[in-house]
Amino acid sequence: MEGVTPVGSEGNKAGESPPSDTSGRTGTEEERKVREAGQMRPGGQVVVFPSKTAGSSSSSSSYVPPPPPTPQQITAGRRRFVKLLVGVGALLSLAPYVPWGTFLSNSVSAGKGYVRQQATVNKDTFVKFELIRLPTELGGDAKDATAFVAFSKVCVHLWCSPNYNPDQPTNPNENGYKPNQSKHEQYECPCHGSIYKVPQGLAIDGPASFQAPPTNAIPMLTLSTDSNGFLMVEKPVWDVNHNGVLGYGRYVQQ
Ligand code: FES
């Protein structure tokens, strides 16, 4: 047998005949086993690796590269891969319909979905209101509940927290700035510049003002005073025709 290449061993020296086996054929014991198994590289070259354990000559110590895949095997492999892709795609398309738990739910949709979203965000934010004493020119010096408004702290645009800003910004580039004014007196959202008019709570500037009613007015509480002059909060009715829907809006009677 020609073309035998021992790997990791010194092999036979030039001009030296390899030892014969009992059948009269030449080569080492490992070469003989490989030859008998008919495993050789194209071109007749047999590769023999040395034993892992010195002195061992078991068949597990010989490595013969596997034959290349046939065209049928390649085609079958591609089919399996395509099937896997289709299966994964089908699973992903079903993912939105699986109840993963409220911690993964952040989509806003009409009705029930909207209420579910409220429960997953910081509840404190959704129960916060800003009590504002109106400026004098709007009746803020009255001794009853009409001197106050209480707006929701959740902007109806994208749920940032607006603040009442009584003073005119000094920076002309700042949101809400108007020339030749000393007062601002609006409820304004720092995120995208929505400005709600006081005391109605209707958006008069910014993205919230472009939303259709009832999503263009901030929800608010109904205030009253008791016989002792204490300020009271009436039990809210959370729909768009009364105190509004938090983070959504309410209808404003104009
Ligand atoms: S979240 Fe308030 S203006 Fe966008």
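The values are calculated or read from the model by the stated rules, or taken from the named source; none is laboratory data. What you see is a predicted model, and the numbers here were worked out from it, not measured in a lab. FYI the Cβ positions are ideal-geometry reconstructions off the backbone, even for glycines, and counts take in every protein chain you see. Heavy atoms of the whole protein, side chains included, go into the accessibility calculation; ligands, DNA and RNA do not. Shrake-Rupley method; radii C 1.70, N 1.55, O 1.52, S 1.80 Å.
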All conditions in (1) part of a loop (DSSP other than H, G, I, E, B); (2) touching a residue at least 60 places away in the same chain (Cβ under 8 Å) are true of Thr170 except (2)
Expected output for the stretch 178-194 (first residue open to solvent by less than 30 Å² (accessible area, probe 1.4 Å), partner assigned to a strand (DSSP E or B) and near the ligand (Cβ under 8 Å from one of its atoms), Cβ below 6 Å, 6+ apart or cross-chain) is none
In the stretch 143-152, which residues are out of contact with any Asp or Glu (no Cβ under 6 Å at 6 or more places or on another chain) and either within 16 Å of the ligand (Cβ to nearest atom) or more than 23 Å from His242 (Cβ to Cβ) (or both)?
-> Lys143, Ser152
Closer than 30 Å to Val198 by Cβ and at pLDDT below 90 - does that describe any residue in the stretch 51-67?
-> no
